[in-house]
Amino acid sequence: MKKIWLYGNWKMNMIPSEAEEYCKKLLDALKKEPGAYSKENLEICLFPPFISLPAVLASISKAGMVRAGVQDGYFEDSGAFTGEVSLKMAASAGASAALAGHSERRHIFGEENEIVAKKLHKALQIGLTGVLCFGETLAQREAGETMAVVDEQLRSAFEGLDGTEGKGLILAYEPVWAIGTGKNATPSDAQEVCAHARRLAARKFGEGDYIPVLYGGSVKESNARELLSQKDIDGALVGGASLKADSFLAIYEAFRKGFEA
Ligand code: PEP
């Protein structure tokens, strides 16, 4: 059975006490069936809002199996950037991963490819796992522009990285129209884009370091098995269904049980 990356983006949800309770439930569930949840077959990373990062880190620190990252972070280390938290600060607080270019950052907060690239590069340079989110809007898909849009997002994010910086990189294909809408990409459409992203990454960084490719966009228990079974989909970046420990873990369970069946 292949390894699955199960990454949970909590967005702007969960105060520290809720985060603590969530982690307890998640860890209890993982402990219940220890054989099913080994580091070899599952990597879980939670992306809480900054305010709840310490609570998550304190709750998961003993478990080893669960990591925590940030949903965003500024590329400058410190200075006059009111309201921002730097990636360096996030790393020193214990985060081990950072999302870059989530569609809500791109579309609500106006982050262009250039800013996304700076954030991704900074994350990788300071040793965080950098999760590059990319994907087309519905209008772009309907206009047949998906591959061109994805190419441009990936090309601009890769530019300026050298061949060694692929280590620590994760790609997350998240079609904008599928995020939070309940409409997921078909497994074959998701596979096609993920395979393309994998080829572009291999061309840039070589075949040496494995760069996982995730799919995100309305992943839930009922569609997980088919999506995660695709050859070039290594895992899921999950928003809504990650907000409850049981529905989050059910995504992996659907895949595992399907594989064992
Ligand atoms: C996300 O926020 O990255 C996401 C994929 O959200 P959802 O699973 O709710 O579509």
Long-range neighbours under 8 Å by Cβ, at least six apart or interchain, first residue on the phi > 0 side of the Ramachandran plot within region 83-100, second surrounded by fewer than 24 Cβ atoms within 10 Å (Cβ to Cβ) and at pLDDT 95 or above: G94/L53; G94/P54; G94/L57
Lone qualifier among I44, I108, I51, I115 - being within 26 Å of F255 (Cβ to Cβ), under 20 Å from the mean Cα position of the chain (by Cα), modelled with pLDDT of 95 or more and of a type in the set (V, I, T): I44
Unmet requirement for V150, which otherwise passes all of (1) open to solvent by less than 10 Å² (accessible area, probe 1.4 Å); (2) modelled with pLDDT of 95 or more; (3) outside any helix (DSSP H, G or I): (3)
Filtered residues of region 148-164 (kept if farther than 16 Å from R199 by Cα and in contact with an Asp or Glu (Cβ under 9 Å, 6 or more places away or on another chain)): T164
Among (1) aromatic (F, W, Y); (2) more than 16 Å from the ligand (Cβ to nearest atom); (3) in contact with a Phe, Trp or Tyr (Cβ under 9 Å, 6 or more places away or on another chain) - the single one F47 does not satisfy: (2)
Test: S247 is closer than 19 Å to T181 by Cα, open to solvent by 30 Å² or more (accessible area, probe 1.4 Å) and of a type outside the set (A, V, I, L, M, F, W, C): yes
When residues of region 178-190 are limited to those that are in contact with a helix residue (DSSP H, G or I) (Cβ under 8 Å, 6 or more places away or on another chain) and at pLDDT 95 or above, the one surrounded by the fewest Cβ atoms within 10 Å (Cβ to Cβ): P187
Residue match in region 154-161 (condition: open to solvent by less than 40 Å² (accessible area, probe 1.4 Å), in contact (Cβ under 8 Å) with a residue 40 or more places away in the chain, under 22 Å from Q230 (Cβ atoms) and in contact with a helix residue (DSSP H, G or I) (Cβ under 8 Å, 6 or more places away or on another chain)): yes
Counted residues, region 87-108 - those being within 14 Å of the ligand (Cβ to nearest atom) and either outside any loop (DSSP other than H, G, I, E, B) or open to solvent by 60 Å² or more (accessible area, probe 1.4 Å) (or both): 10
Enumeration of residues in region 111-133 that are out of contact with any helix residue (DSSP H, G or I) (no Cβ under 7 Å at 6 or more places or on another chain) and assigned to a strand (DSSP E or B): T129, V131
All positions within region 216-261 that are of a type in the set (V, I, T) and more than 13 Å from K2 (Cα to Cα): V219, V238, I251
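The values are calculated or read from the model by the stated rules, or taken from the named source; none is laboratory data. Just so it is clear, the model here is predicted, and its values are computed rather than measured. Quick reminder, even Gly has a Cβ in these numbers, built from the backbone with ideal geometry, and neighbours come from all protein chains shown. Note: areas computed on protein heavy atoms with side chains; ligands, DNA, RNA excluded. Shrake-Rupley method; radii C 1.70, N 1.55, O 1.52, S 1.80 Å.
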